Amino acid sequence: MANLSKGISHFRGSVFPEHSALYRKLAREGQQPQALMISCADSRVMPETITQSGPGELFVCRNAGNIVPPFQTANGGVSSAIEYAVVALGISDVIVCGHSDCGAMKGLCHPELLGPMPNVAAWLKHSHAAYSIVCEAYPTNLGEKDRIRAVAMENVVVQLDHLRTHPSVAAKLATNEVSLHGWFFDIETGSVLVYDGAASRFTEIEDGKPLPVAVSGRGVTQVIEAFNTIAAE
Ligand code: ZN
């Protein structure tokens, strides 16, 4: 804890004074973050560092395995963070960010390790579809590292599907007010792969080009047109 204590002193004495005007403005006017990022709690994955975001720019929800439980009536921390970000803060972009060498994904692939951690085992059930996809659709001769990586990537896509079950997200997708993004951070290289929903694959970010989107909104006009077509039949 000594390092953390030293860090607090350094922040208060040297870092904060340089940004005190920004903090005062944020305290006065509140936050208007540009995106909600759901990432793993892994200490090597730092959303603000990866995106070079400052105070007030990123609304972050972290948990083991960057998991979004499907919507249910029972209350949950992730569901509440999503609802608050989308409804109260009017956030227009939601990012699910997985990463390489994820301990949660290792646990998913090796349930025998989860005996002493019944809560983790139960939590990881929300990712089971990713494990099943890799078992069924990927080559059987994948090495351990590649298998964990594949599960972590599929897990991002599975959690994006879960996001769409949340009423707040579903409603804003229908009116084109929110877009969903799937990212994968490679700890060893520092690169971020982005899920392209139209191509159903992760791609490298190309400088100067717009980021591929996993799920974009339909637009309220399309929703109404679709309804009118059905109503007219
Ligand atoms: Zn992780």
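What follows draws every value from the coordinates through simple rules; no lab data is involved. What you see is a predicted model; the values in this text were computed from it and never measured. Reconstructed Cβ throughout: ideal geometry from the backbone, glycine too, with neighbour counts over all protein chains shown.
Observations
- A simple packing score, the average count of other Cβ atoms within 10 Å per residue, orders the peptides 55-62, 152-159, 99-106 as 152-159, 99-106, 55-62, with the highest score first.
- Applying 0.36 nm per residue to the separation of LEU22 and ALA41 and subtracting their alpha-carbon distance, the gain on full extension is 4.2 nm.
- Full-extension gain in nm, MET117 to MET1, via 0.36 nm per residue minus C-alpha separation: 39.2 nm
- Reduced Cα scattering model of the chain, Debye log10 I(q)/I(0), q = 0.14, 0.15 Å⁻¹: -1.00, -1.11
- The mean sequence separation of alpha-carbon pairs under 8 Å and at least six residues apart, normalised by the residue count of the chain, gives a relative contact order of 18 percent.
- Proximity of backbone amide H atoms, modeled 1.01 Å from N, is registered between ARG44 and no other residue at under 5 Å, excluding neighbours fewer than 5 places apart on the same chain.
- For region 126-233, the calculated P(r) over all alpha carbon pairs, in 5 Å bins from 0 to the bin holding the longest distance, is 2, 11, 16, 18, 18, 13, 9, 6, 3, 2, 1, 0 percent.
- Distance between modelled label sites at ALA137 and ALA226, nm, 7 Å Cα→Cβ extension: 2.1
- Per-residue [θ]222 nm for the chain (sum of -39500 (n - 2.57) over DSSP H runs n ≥ 4, rounded to 500): -12500 deg cm²/dmol
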